[in-house]
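Quick notes on the structure that follows.
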Amino acid sequence: MFKILDKSHDDVFGVEAIGKLEDADYKEITPLVEKIIETHGHIKFLIQLEDFKGWTIHAAFDDMRLGLKHHGDIAKFALVGNKHWEEVCSKCASLFVKGEVKYYDVADVDAAWEWIE
């Protein structure tokens, strides 16, 4: 599931991915992302992965579809995690995001928020 983070505002949108993401999670989050893009013309997106367990196959495709559809609408993308493979994923995200992409360790989450602002 996605949990919307309290520091989200205007064009800055932060979520925590918890557990294993499913198609239903993307059906909830996608309209929110698209509303921000419609309102502001772009989005600054932060995703925190501390308790993340991956995706179902359908959700993985949902994730790619969202990234491909809005690759030019993401001004900044911060991925906050605590595993090496998550850092690697942030490098892969640059294939789907036209804007800047940065990885932060969970210990540096405040720096991630500062950068995304």
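Read-outs: derived from the displayed coordinates by stated rules, not from any lab. Computed from a prediction, not measured in an experiment: that's the story for all the values here. All Cβ positions, even for glycine, are placed from backbone atoms using ideal geometry, and neighbour counts span all protein chains on display.
What does the charge add up to near H58, with Lys and Arg as +1, Asp and Glu as -1, over the other residues with Cβ less than 11 Å from its Cβ?
-3
Under a plain spin-label model, where a point goes 7 Å from the Cα along Cα-to-Cβ, how far apart in nm are S8 and K83?
Label-label distance for S8 and K83, simple model: 2.3 nm.
Relative contact order (percent) for the chain, with alpha-carbon contacts under 8 angstrom and 6 or more residues of separation?
So the answer I get is 24 percent.
Would you compute, from DSSP H runs of 4+ residues alone, the mean residue ellipticity of the chain at 222 nm, taking -39500 (n - 2.57) per run and dividing by the full residue count, rounded to the nearest 500?
Mean residue ellipticity, 222 nm, calculated: -13000 deg cm²/dmol.
Tell me the Kirkwood radius of the chain: reciprocal of the mean inverse pair distance over distinct alpha-carbon atoms, in Å.
14.0 Å
Put a dot 7 Å past each Cα toward the Cβ at I57 and A107; how far apart are the dots in nm?
3.9 nm
Across the Cα atoms of region 1-58, what radius of gyration and what greatest pairwise Cα-Cα distance (Dmax) are found, in Å?
Cα only, region 1-58: 11.6, 32 Å (Rg, Dmax).
Return the percentage of antiparallel bridges among DSSP beta bridges fully within the chain, rounded to the nearest 5 %.
The antiparallel proportion sits near 15 percent.
Between K69 and M1, what length in nm is gained on full extension when 0.36 nm per residue of separation is reduced by their alpha carbon distance?
22.4 nm
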